[in-house]
Amino acid sequence: MNPALSAVAASLDVSERITPDRVHGSLYTDPDVFDAELQRIFHRGWSFVGHESEVPGVGDWVSRRVGRDPVLLVRTRAGEVTVLANRCAHRGVQLCTGSSGTNGSFSCMFHGWTYALTGELRAVPQPIGQGTAAAELALDRPRAVDRYRGFVFANPSGGAGPLAEHLGVGGRELLDWAADLSPTGELDLSAGWLGQRSPSNWKMWAESDNDGYHLGRLHASLWRVAPGTQYESAALAGEERVVSTCRDRGNGHIELEFWKGYDKDLAWLGTGREKVADYVAALTAARGAERAEELLWKGPPHALIFPNLFLGEMNLAIIEPVSAGQTIHHHTPLLLGGVSPGFNTRVLRQSEAAMGPAGFLLPDDATASERMQVAFAGTGGWMDLSRGLQREVFEGTDRVGHVSDETVNRGFWRHYRAVMTP
Amino acid sequence: MSSPARSALPDGALHQLDPLLLDAAVAAFLNRESRLADESRYEEWLALWTDDIHYWVPSGAGNYDRDRRISFINDNRNRLTTRIRQLQTGLRYAQTPVSPMRRVVSNIELLSVGADELEVGSNFVLYELSLQASNELRIWAGRSTHVLHRRDSELAMSRKVVELVNASQPLPNMAFLL
Ligand SMILES: [Fe+2]
């Protein structure tokens, strides 16, 4: 139990606010709910921290949050990637400022306590007077840190069970899929992250990132001026013609399968096979013809790994909860290892077009979420999430619906309800 | 009453013009560009650009390789035209209604002047009322660097780089003209 957690948040029961087809809007606005989420989802569960390719060299670090707790993702001298509290064990001063850097050690500006890259306390100035032995002091760290295909996750409480179990078959398949797009199996998240700050709740972003129903309406302005995208056949062609699906993969991991509605090879890259012949050849050599052809058709996944990692096609995004009414949506282009610089530059240009506070898509999504936040600001009210309930089907343990269906929202909230049990 | 004629540039190479006259023409251009952006007068603002252009809002200081690192805005002519046309659909919800804005441009300095091209730096403070949802009054500040050219008896811009003071930080919606 976190002593900082308010008694109200600790005992809060949200189960009555989530039914199979309705969710109460107060879950977006209630500060007690937010505090409970920090504890039950981000402390007690697994969430995404960063990718190994962000810290390629010894001493490289990037600054992140696990829930609201500032942490550093660090490459140690042994070549391991670790997660450390960005907070001196002495008086709690933040060690590193800025978003990234390279250090030989971490030294606190206040009294000079100095830590190894692994978080052990190495030096205390004026050591004769030191009380607790340095060997017993170290930077805090999440009790559990684990990775899958280079994606690093943390579970501060250590009580969430294995990462592989949280990811499940579905989550692992999605991460494999993203990594397999690279001929070397390596991602190269080196283009930097852009943050989009929005006065709206973090769960709205998890949902709108994976909403296959809104494209034709909310983003109509883009399709009108940029016709010919892959979304035309995959999402915009009309309810009866669109064959794309959405998929609840369990554990809150949800997916839009736009690829089923693509009308040509490599539609997701907006180019022809001959323009990326090197990539096609390298992928075929690495994965074999069958898997390579599957990947060339499908392109990247479009999915949420619960609670905070959005596999946004050729982007990754981290959904950072700030408060009940504030979120930062960070994104970086999904650059691949083992491809030409020109290939990655194309990905970068696509990312700049779609994402971020000046992109052609995300500002409109932000606006919709921000208007939800305004509209629910008082006592709230119910949301209807029944769309497609009558037509979704099971494929194994996955629930699958039309791409416009709210099967994914229901999957998100079903898991949310389960993990939010006090 | 008629509005005064716009800063007509006399003939001749820019660097051989009377410096006071050139200063005045550049200031008049920047003031006009700011007003058109503030008032979301998309067509007129777009007309201030030459054909081969670069409109850049970097994620930090504008000194990095744009092919390796991501930017908030990194528009060539084609992409800027798409941006403007998207706004003109009237369905760009992130700017529906448009944000009332007013910016103050100051500290104007000519950085270099050639025969038919010059570079000018200036600072700005911009107040934006985000009317689309939150009604927050947002303050934006930064430095602009313009590359201006002679186009007949007027100036036109081929490059505008906007280095926001908080370019390294998460930013709220920025779907208006900077
Ligand atoms: Fe969207």
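The values are calculated or read from the model by the stated rules, or taken from the named source; none is laboratory data. These figures come from a predicted structure and were not determined experimentally. Note that each Cβ is placed from the backbone with ideal geometry, even for glycine, and that neighbours are counted across all protein chains shown. Calculation scope for accessible area: heavy atoms of the full protein, side chains included, ligands and nucleic acids excluded. Shrake-Rupley method; radii C 1.70, N 1.55, O 1.52, S 1.80 Å.
For the range B:39-65, name all the residues that are assigned to a helix (DSSP H, G or I) and open to solvent by less than 10 Å² (accessible area, probe 1.4 Å).
Within the range B:39-65, the subset assigned to a helix (DSSP H, G or I) is B:42-46.
Scanning the range B:39-65 gives a single hit, B:W45.
The condition (being surrounded by fewer than 16 Cβ atoms within 10 Å (Cβ to Cβ) and touching a residue at least 40 places away in the same chain (Cβ under 8 Å)) is satisfied by just one residue among B:A94, B:A115: B:A115. In the range B:4-15, is there at least one residue being buried (at least 18 other Cβ atoms within 10 Å of the Cβ), touching a helix residue (DSSP H, G or I) at 6+ places or on another chain (Cβ under 8 Å) and at pLDDT 95 or above? Within the range B:4-15 (the criterion being buried (at least 18 other Cβ atoms within 10 Å of the Cβ), touching a helix residue (DSSP H, G or I) at 6+ places or on another chain (Cβ under 8 Å) and at pLDDT 95 or above), the answer is yes, since at least one residue qualifies.
Applying the selection to the range A:125-149, what residues are assigned to a loop (DSSP other than H, G, I, E, B), free of Cβ contacts under 8 Å to residues at least 24 places away in the same chain and more than 24 Å from A:R68 (Cα to Cα)?
Within the range A:125-149, A:P125, A:Q126, A:Q130, A:G131, A:T132, A:A133 meet the criteria.
Evaluating A:F48 against the criteria (1) more than 15 Å from the chain's Cα centre (by Cα); (2) part of a strand (DSSP E or B) leaves one unmet condition, (1). Selection of the range A:393-404 for residues being open to solvent by less than 70 Å² (accessible area, probe 1.4 Å), of a type in the set (V, I, T) and not in a loop (DSSP other than H, G, I, E, B) yields only A:V400. Among the residues of the range A:362-381, write down those that are more than 15 Å from B:S134 (Cβ to Cβ) and within 10 Å of the ligand (Cβ to nearest atom). Correct list: A:L362 only. Note on the range A:160-265: enclosed helices (runs of 4 or more DSSP H) holding 3 or more residues that are away from the ligand (no atom under 16 Å from the Cβ) and open to solvent by 20 Å² or more (accessible area, probe 1.4 Å) are A:163-180.
Listed here are the helices (runs of 4 or more DSSP H) enclosed by the range A:283-392 that have at least 2 residues being among the β-branched types (V, I, T): A:341-354, A:362-375. The residue of the range A:362-384 that is farthest from the other protein chains (Cβ to nearest Cβ), among those that are among the aliphatic types (A, V, I, L, M) and buried (at least 18 other Cβ atoms within 10 Å of the Cβ), is A:M383. Only a single item in (1) of a type outside the set (F, W, Y); (2) more than 14 Å from chain A (Cβ to nearest Cβ); (3) surrounded by fewer than 19 Cβ atoms within 10 Å (Cβ to Cβ) is not met by B:S34, and it is number (3).
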